[in-house]
């Protein structure tokens, strides 16, 4: 019996524009400890398409066969309690490849659907208290995407952020206690016109990007042509960009392996903290995330030392959403970050502080 053919996803490298969003997503894949991405912007700007394309681009992960938590056979931090018990009994684990999970959290989801609940069918038929894993289990070692996150119920947001921060999900239901790994890249998207996000929620996302509708007519026509070509012949379109896809996949894998070798000079750390202090950023998440994002970018660019350019390209994404809102201030929050960065790093700000693009297919 032939396996069902996998549904084609629009290739990540074929997405036109939105460089800042693509860069932020790539850096979170290289170092998931950055803490995820909040994508705010207009409808129909390719947010969901880009995220699904990235999940499809990544190489398969090795998981323990039959395990609902995508457990790793070698990393204890990515193993469910069942797998740990099997290893303690010296059982031989069967390994199988699995596509990086991409899980959508619907707005109407309940806490039980998110965290997991009691398996009613087993309880009734076998009289056994068994746990039915939720979306957090399915998302382990992958992506959890929340569209319209600004409309999500507050209690679900709290549960989601706690799991994203700790990497674990703990459920206590009717005498059943389960703790399983929940390491995922949290991606939220929303339209500012449909409601503002709580500052506490914004701060928990590692990076924030803003996407806007393309205004250039020629670029719009190019986007339409690309999408039409893909819809008419998904296989042919995907095959045409396979070389770019494989090259980027290899760069990501190499960057993940190089990440631990990347260092950042003490003077640059001091300047990053000076930028955060000057911007009056609360807490230390801004400092930590900027350091991590700069190191991930250096690894992606095949470097072992962070330089000022890499910090400049990630500073706005890491800090703009942590600034206190001043209703009387006209300047954009991203521009405020750029202005302070230029002051602290002693740049003139005319050219090199405002346009940091990444050639993803280079």
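The values are calculated or read from the model by the stated rules, or taken from the named source; none is laboratory data. Here the structure is a predicted model, which means the values were calculated and not measured. Note: ideal-geometry Cβ built from the backbone for every residue, glycine included; neighbour counts use all protein chains shown.
Below, the figures for the structure above:
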{"quantity": "Residue list for the range 48-91, filter: in a helix (DSSP H, G or I), under 19 Å from residue 164 (Cα atoms) and in contact with a helix residue (DSSP H, G or I) (Cβ under 8 Å, 6 or more places away or on another chain)", "calculated": "51, 76"}
{"quantity": "The range 312-332 - residue that is touching a helix residue (DSSP H, G or I) at 6+ places or on another chain (Cβ under 9 Å) and more than 28 Å from residue 297 (Cα to Cα) and, of those, modelled with the highest pLDDT", "calculated": "325"}
{"quantity": "From the options 256, 310, residue that is assigned to a helix (DSSP H, G or I), in contact (Cβ under 8 Å) with a residue 12 or more places away in the chain and closer than 22 Å to residue 55 by Cα", "calculated": "256"}
{"quantity": "Test: residue in the range 284-297 that is over 20 Å from residue 30 (Cα atoms), in the same structural domain as residue 311 (by TED's automatic domain parsing) and over 22 Å from the mean Cα position of the chain (by Cα)", "calculated": "no"}
{"quantity": "Matching residues, the range 259-283, being over 20 Å from residue 296 (Cα atoms), without any contact (Cβ under 8 Å) to a residue 60 or more places away in the chain and part of a helix (DSSP H, G or I)", "calculated": "277"}
{"quantity": "Candidate set: the range 159-171, residues that are outside any helix (DSSP H, G or I) and closer than 19 Å to residue 76 by Cβ; chosen: the one farthest from the chain's Cα centre (by Cα)", "calculated": "170"}
{"quantity": "Residue match in the range 223-236 (condition: loosely packed, with under 13 Cβ neighbours inside 10 Å and modelled with pLDDT of 95 or more)", "calculated": "no"}
